[in-house]
Amino acid sequence: SALTQPASVSGSPGQSITISCTGTTSDVGSYNLVSWYQHHPGKAPKFIIFDVNKRPSGVSNRFSGSKSGNTATLTISGLQAEDEADYYCCSYAGSDNFVLFGGGTKLTVL
Amino acid sequence: EVQLVESGGGLVQPGRSLRLSCTASGFPFGDYAMTWVRQAPGKGLEWVAFIKRKMYGGTPQYAASVEGRFAISRDDSKSIAYLQMNSLDAEDTAVYYCARWPGDAFDFWGQGTMVTVSS
């Protein structure tokens, strides 16, 4: 089954928000292969965090990731209007299952 | 510049087949595993199919929802990944994305191609 994310979060410009991603000991809890994707509708998803807390080249340092036990967290600091998008977590789930995605979280910048 | 361009989507009747293509450029295609990920209308992302590099046998793997109906393949000489979709039903209606998998994340995605299954 999918990883669990909140359906929506919101914040004002300049604030920080967090998005949680809860899995199990078979996925998030077992592998440091959690990634996060930003998806503006109609566009290609963009990966913003990999290996739990690494940022790809060119991704703002306002985006950060962490993990504790079976829950991974994406933090966006200094919210900007262009951060408004859907965010998805993903975890490797072993050779039999490959990966699981979260259900997605809609971020609204107020 | 890495580019992935999907093609082959469209309107298809239930029970029929469709083949999607993902044409890659800007990187050594044969050095990467490739995947297909879909997003049904109003839903989240769902991994569909994965194919290893030829170096690791080119082994395919499928989500349970498409196992036995879909087949992923690759032509490294043309830098193209394919998704053959058979016995399509309404629940397969989605935007299908091609994405590169270097081993730990989907690092590049195409713009997607829409597949609509309807009579």
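Counting only trypsin sites (Lys or Arg not before Pro) that are in a DSSP loop and have at most 14 other C-beta atoms within 10 Å, tell me the longest site-free stretch of chain B. The reported range is B:79-119.
Neighbours of residue B:53 by Cβ distance under 14 Å: Lys/Arg scored +1, Asp/Glu scored -1, total +1. Each part gets one Cα centre, and for the stretch A:1-77 versus the stretch B:26-93 those centres are 24 Å apart.
Taking every residue in B:98-108 and counting other chain Cβ atoms within 10 Å of its Cβ, the average works out to 5. Computed about its Cα centre, the charge dipole of chain B is approximately 240 debye, with only Lys, Arg, Asp and Glu carrying charge at their Cβ.
Over chain B, the ratio between the Cα radius of gyration and 2.2 N^0.38 Å evaluates to 0.99. For the residue pairs A:67/B:52; A:54/B:54; B:43/B:78; A:43/A:106; B:52/B:78; A:46/B:54, the C-alpha atoms sit more than 24 angstrom apart in A:67/B:52; A:54/B:54; B:43/B:78; A:46/B:54. Give me the percent relative contact order of chain A, please, defined on Cα pairs under 8 angstrom at least 6 residues apart. After rounding, I find 38 percent.
Please average, across the residues of B:44-52, the number of beta carbons from any other chain that are within 10 Å of each residue's own beta carbon, and give a whole number.
4
The P(r) of chain A has a tail past 19 Å containing 38 percent of all C-alpha pairs. Qualifying GluC sites (Glu not before Pro) in the stretch B:1-91, where qualification requires a DSSP coil assignment and no more than 14 other C-beta atoms within 10 Å, comprise B:1, B:67.
The slack in the chain from residue B:84 to residue B:54, taken as 0.36 nm per residue of separation less the alpha-carbon distance, amounts to 8.9 nm.
Farthest towards the positive end of the charge dipole of the protein assembly as shown, among the residues B:72, B:86, B:25, is the Cα of B:25, using unit charges on the Cβ of Lys, Arg, Asp and Glu. With no solvent and one equal point scatterer per Cα, compute the Debye intensity ratio I(q)/I(0) for the protein assembly as shown at 0.08, 0.10, 0.13, 0.17 Å⁻¹ and report its log10, rounded to two decimals. Computed log10 I(q)/I(0) values: -0.28, -0.44, -0.75, -1.24. Only Lys, Arg, Asp and Glu carry charge here, each on its Cβ (+1 for the first two, -1 for the last two); on that basis chain A has a dipole of about 180 debye about its Cα centre.
Here, each number is a calculation from the coordinates, and none is a lab measurement. Values in this document were obtained by computation on a predicted structure and should not be read as measured data. Neighbour counts run over all protein chains shown; Cβ positions are idealised from the backbone, glycine included.
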